[in-house]
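First the structure, in the form of structure tokens, and then the observations on it.
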């Protein structure tokens, strides 16, 4: 049974619809990441779960109880804020203990709980300091400690890593993931960073303009995006999107462009759902376009195209190769030492097992 | 800095600095001169004042005038010095400053962190209160005090100053709390803190600079107030400023300048003390409020 359930949540502020019917369920111990571009309503959604923003309609259920009308402090949830929101006038210890103090937990228990949380997060040596004396990463840990000490039903994270530098962000990402594994906590996490979403989530919900685009495991979201928005938003570099039409015998897609180029029909789409001559958009991830040596031996449907190389972008581990195709550009992922050079023609292997097809009008995926 | 700039030669930079410091010193002297005259006059015997130069240092400095001003100078018909009135002013200023500061802080807290429909209008009206001239409220205020039975009492005067000061204290605290992060309030709410717990535990401990500003501002205004004092508290209940005026105007026969001056310095001491102790926080707090507000 779902532990956290959002049923048809609506939120309007001043006649403006911020959330337009959100339905999400999360099992106990799950890690739900809400992701989307800024202004998509993900932080508002989190605030409604926290109880800091009332909903216009719909239900929020935590552990079988409808919590819509419960005060934030009565919902048994803890939140880590983007700015950490540490009380500047209290020590780290005071910050972590504050919630327990407000709940009237006796001092010895409080101290034991603080010590335990501090040990988990390795901030025992910082307990007597004030927030202003801490670095960004340390503040982040204290903010997490403050949530952890309460042992809540659900943890809420509001873009907690966005104020950290790149290196620290990767470290803290791993830390949060480890924390989730070790404590078995149920977490709802908001971010605009799709890498954070992919690496940490057990479930991702992609939002755009207050509408849920897709909910699924990171693998589903990445492999079979529900629509063009999700396809484009998740993954870096972005998925290659190529316009074309279905061939008359429905066995291939003929790409738009001055020269006729045919790609075999991906097996992810069933032939019955297509009509000959239908306009489609083919989506294929950069790593599904390789050179001959990286060709996946298990790949069933493969097309090789000779294309002139326009640009080569080495990243160290991989080399991204950009080539013109069908009036646009495609990005392919090659080995670092693939020997591709700009200006020369090169054989690009398209693994169409991993390609998906979208309907251009509705932008939905065709399966 | 100017020396490093290629367009200003070291010589002209030195001249500029000389002019600037010269002007500053001159203005400081102009400002300090009255206080200097007050101090030395209060230390001189009457004869020396009458014969000598106003700026001359006292030849036989004595504290007789100070003692008299404090304990035995005649104000009206009673000759017990100004000490009773000094005490009146303390009794007035401490509760008036405390209450108006706390209420201002609460107002600021509600107007920024617990916004309600029409909060802008309420704040606008409170701001408007800052611009009401003293004279306009004298007669209505006298009526109100009469109805409350607080005429000619320190409590009545405290009420007048609290009401009149509320606009200013609210303005100070509102602007300060406007810059205070909302997330902290939300975090405290989720931690289970209530309205007053958030105020006492989170907000007030972070309000040091603005409390200092408000206290100094209110203290100076209330201590130095003459109009409300003379209108609503006369005779025995009069505050220091009113008593000082009465002392100076009720001298019998000989005008005792030294006693007048000593009494005036007594009247100035508390505000002077507050400025010296908390002055640097005043500037800092005022800046913080101004920039972020």
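With respect to being closer than 30 Å to residue A:16 by Cα, crowded, with 18+ Cβ neighbours inside 10 Å, assigned by TED's automatic domain parsing to the domain that holds residue A:173 and touching a helix residue (DSSP H, G or I) at 6+ places or on another chain (Cβ under 9 Å), residue A:51 fits the description. What about residue A:299, is it outside any strand (DSSP E or B) and in contact with a helix residue (DSSP H, G or I) (Cβ under 9 Å, 6 or more places away or on another chain)? When the stated conditions are applied, residue A:299 passes them.
Sort out which residues of the stretch B:45-66 are part of a helix (DSSP H, G or I) and either within 17 Å of residue B:35 (Cα to Cα) or in contact (Cβ under 8 Å) with a residue 12 or more places away in the chain (or both), and write them in order of number.
Hits for the stretch B:45-66 are B:46, B:48, B:49, B:64, B:65, B:66.
Within the stretch A:117-136, the set of residues being more than 30 Å from the chain's Cα centre (by Cα) and more than 12 Å from residue A:95 (Cα to Cα) comprises A:124, A:125, A:132, A:133. Going through (1) within 13 Å of the chain's Cα centre (by Cα); (2) farther than 20 Å from residue A:24 by Cβ one by one, residue A:190 falls short only on (2). Residues that are buried (at least 17 other Cβ atoms within 10 Å of the Cβ) and outside any helix (DSSP H, G or I) within the stretch B:67-110 comprise B:73, B:74, B:75, B:81, B:82, listed in sequence order.
Of the residues making up the stretch B:111-134, those that are surrounded by 14 or more Cβ atoms within 10 Å (Cβ to Cβ) and without any contact (Cβ under 8 Å) to a residue 12 or more places away in the chain are B:119, B:122. From the list B:28, B:13, the lone residue that is farther than 30 Å from residue B:264 by Cβ and in a helix (DSSP H, G or I) is B:13. Just so you know, in the stretch A:179-199 the residues that are in a strand (DSSP E or B) and in contact with a helix residue (DSSP H, G or I) (Cβ under 7 Å, 6 or more places away or on another chain) include one that is nearest to residue A:44 (Cα to Cα), and it is A:190.
Is it the case that residue A:331 is in the same structural domain as residue A:247 (by TED's automatic domain parsing), in a loop (DSSP other than H, G, I, E, B) and in contact (Cβ under 8 Å) with a residue 60 or more places away in the chain?
no
For the stretch A:152-169, the condition of being modelled with pLDDT of 85 or more, surrounded by 22 or more Cβ atoms within 10 Å (Cβ to Cβ), part of a helix (DSSP H, G or I) and touching a helix residue (DSSP H, G or I) at 6+ places or on another chain (Cβ under 9 Å) holds for none of the residues. Of all residues assigned to the stretch A:212-225, none qualifies as being surrounded by fewer than 18 Cβ atoms within 10 Å (Cβ to Cβ) and assigned to a strand (DSSP E or B).
Selection of the stretch A:200-220 for residues being in contact with a helix residue (DSSP H, G or I) (Cβ under 8 Å, 6 or more places away or on another chain), closer than 16 Å to residue A:30 by Cβ and without any contact (Cβ under 8 Å) to a residue 24 or more places away in the chain yields only A:218. Scanning the stretch A:312-323 for residues that are exposed (fewer than 14 other Cβ atoms within 10 Å of the Cβ) and either assigned to a strand (DSSP E or B) or touching a helix residue (DSSP H, G or I) at 6+ places or on another chain (Cβ under 8 Å) (or both) yields a single hit, A:313.
For every residue, the table says whether it meets (1) outside the structural domain of residue B:164 (by TED's automatic domain parsing); (2) touching a helix residue (DSSP H, G or I) at 6+ places or on another chain (Cβ under 8 Å); (3) over 15 Å from residue B:164 (Cα atoms).
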site	(1), (2), (3)
B:44	yes, yes, yes
B:51	yes, no, yes
B:88	no, yes, yes
B:94	no, no, yes
B:103	no, yes, no
B:107	no, yes, no
B:113	no, yes, yes
B:122	no, yes, yes
B:135	no, yes, no
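Only one entry in B:36, B:18 is modelled with pLDDT of 85 or more, outside the structural domain of residue B:239 (by TED's automatic domain parsing), part of a helix (DSSP H, G or I) and surrounded by 11 or more Cβ atoms within 10 Å (Cβ to Cβ), namely B:36.
The values are calculated or read from the model by the stated rules, or taken from the named source; none is laboratory data. In this text, all values refer to a predicted model and were calculated from it rather than measured experimentally. Don't worry about glycine lacking a Cβ; one is built from the backbone with ideal geometry, like all the others, and counts go over all protein chains shown.
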